[in-house]
Amino acid sequence: MKLDQTFSSEEAINNLGSLKFSQSNRMPDPKDPSRIVTTTTTTTFSMAKEMARYVCQRFMDARLVESADGKQVNPFPLKGAVWQLTPKGMNILQGFCQRNGIVSRHVLEVLDSPRNAMQLVILERDPTTDKLSQDRATIEVIFRRFVGQDGPNVKSSVSSSDSDSLSDYYNGLVGVKMAKDRKIFDKVVNNTFTGKAASDWLMDCCTTIDRRETFEISEMFVKHGLMWAVIEDKVYMHQNPSATVFQPTKNAIYGLTDRGKRICGWITKEESASGDISAPVLMKNIGTIRDSTTNRLNHILQDPALRLLFREFLRNSLCEENLSFYLDVKEFTGSYHNAEKTKAFMKTDAVRETLAAAYGECRARGFEYSL
């Protein structure tokens, strides 16, 4: 059987052993500012086989690549396995190509695949520490995507809901796999899912690269009263004393609380005294910000939860790149001011690198400027 857009373990390791990346930057000619020159920089990476294997392992752990036969493989083998990009990996690759102006034919063929349908949840992070935003409003926005945009992702049987299939979450809009009815001792509990299924969804459908971050988000779901532990995995808790709130295993079973069902819109009820925060409430709060539409937009852009919702809205309107460009410009101006304070611009190389970064970003986002 022939599989398109795949690669072997040997090919991956050999390519990483002598990897080249070329990037072209446009910037003004120092001698004639009215003239734009293009500088191409080629970076070569060399690494031993074991290091290349470790990098491939990281790609696999981050759910950027997967075995082409759909089976679990661990650790990453030196040979004998065939791989393909996951929908998440394709989404990450597409963003990278857009930012760096890469239009290579063989790459575009991969991105034109019908498997490139993932709509990742772009997790908000602290720009300094890179830690995930954990305020309640942001966690609730993630939770609504986690349970499913179009209702619960209920499987026909408990076994299918607990399967290890790697192709269940192909677009990020389908929620975590749930069992409609699961018998727990002497009672039946509706719409339950395992700790492993929760971790898998957050790994496949979010910009997470370390599975520990999925544990962290799941813990926040529990702590904010959105889901509850139907059955805890006592063995895992004994082996991992810090995992008292959430256990990412098949033996740990979770369900949605009433508050969680209200947040995701499964049940309707007036706002409770506990002060639930939902998308309508968040958007209503924007109305209290007066003076101008600009002030309201600034408030959205400064608030992690509102920014995440705004990104979802822009994605549906097919203009998400506008927000990405704004955030890139904000990061660039921040770096510029820091360099200015440290007097880095006294060095010619720093000026060139800054100008190249600015022109490169504009070109990647489809903006062309002339001086």
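The values are calculated or read from the model by the stated rules, or taken from the named source; none is laboratory data. Since the structure is predicted, the reported quantities are computational estimates derived from the model, not experimental observations. Cβ placement follows ideal geometry from the backbone for every residue including glycine, while neighbour counts extend to all protein chains displayed.
Quick check on the stretch 203-242: of everything there that is part of a loop (DSSP other than H, G, I, E, B) and closer than 23 Å to ASP135 by Cβ, which residue is modelled with the lowest pLDDT?
ILE209
Mind checking whether some residue in the stretch 154-165 is of a type in the set (Gly, Ala, Ser) and under 16 Å from the mean Cα position of the chain (by Cα)?
No - not one qualifying residue is present in the stretch 154-165.
Take the residues in the stretch 58-95 that are among the charged types (D, E, K, R) and buried (at least 21 other Cβ atoms within 10 Å of the Cβ), then tell me which one is nearest to SER113 (Cα to Cα).
Result: LYS88.
Of the residues that make up the stretch 160-174, is at least one in a helix (DSSP H, G or I) and either touching a helix residue (DSSP H, G or I) at 6+ places or on another chain (Cβ under 9 Å) or among the polar types (S, T, N, Q) (or both)?
yes
Just checking: which of the helices (runs of 4 or more DSSP H) contained wholly in the stretch 1-104 hold 2 or more residues that are modelled with pLDDT under 90 and within 26 Å of TRP201 (Cβ to Cβ)?
87-100
Within the stretch 243-286, count every residue that is modelled with pLDDT under 75 and assigned to a loop (DSSP other than H, G, I, E, B).
Total meeting the criteria: 11.
What number of residues within the stretch 175-202 satisfy the criterion of being free of Cβ contacts under 8 Å to residues at least 60 places away in the same chain and in a strand (DSSP E or B)?
Of the residues in the stretch 175-202, 8 are free of Cβ contacts under 8 Å to residues at least 60 places away in the same chain and in a strand (DSSP E or B).
Looking only at the stretch 120-134, decide whether some residue is under 22 Å from VAL222 (Cα atoms), in contact with a helix residue (DSSP H, G or I) (Cβ under 7 Å, 6 or more places away or on another chain) and among the polar types (S, T, N, Q).
yes
Please state which one of ARG145, ARG115, ARG125 is closer than 20 Å to LEU308 by Cβ and touching a residue at least 40 places away in the same chain (Cβ under 8 Å).
Selected residue: ARG145, the only one of ARG145, ARG115, ARG125 that is closer than 20 Å to LEU308 by Cβ and touching a residue at least 40 places away in the same chain (Cβ under 8 Å).
Every residue, every condition in (1) farther than 24 Å from TYR170 by Cβ; (2) of a type outside the set (A, V, I, L, M); (3) in contact (Cβ under 8 Å) with a residue 40 or more places away in the chain, yes or no:
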{"position": "ASP29", "(1), (2), (3)": "yes, yes, no"}
{"position": "THR39", "(1), (2), (3)": "yes, yes, yes"}
{"position": "PHE45", "(1), (2), (3)": "yes, yes, no"}
{"position": "GLU50", "(1), (2), (3)": "yes, yes, no"}
{"position": "CYS56", "(1), (2), (3)": "no, yes, yes"}
{"position": "GLU66", "(1), (2), (3)": "no, yes, yes"}
{"position": "ASN74", "(1), (2), (3)": "no, yes, no"}
{"position": "ALA81", "(1), (2), (3)": "no, no, yes"}
{"position": "CYS97", "(1), (2), (3)": "no, yes, no"}
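Name the residue, out of VAL147, VAL154, VAL158, VAL174, that is of a type outside the set (Gly, Ala, Ser), surrounded by 20 or more Cβ atoms within 10 Å (Cβ to Cβ) and either assigned by TED's automatic domain parsing to the domain that holds VAL188 or at pLDDT below 90 (or both).
Of VAL147, VAL154, VAL158, VAL174, the one residue that is of a type outside the set (Gly, Ala, Ser), surrounded by 20 or more Cβ atoms within 10 Å (Cβ to Cβ) and either assigned by TED's automatic domain parsing to the domain that holds VAL188 or at pLDDT below 90 (or both) is VAL147.
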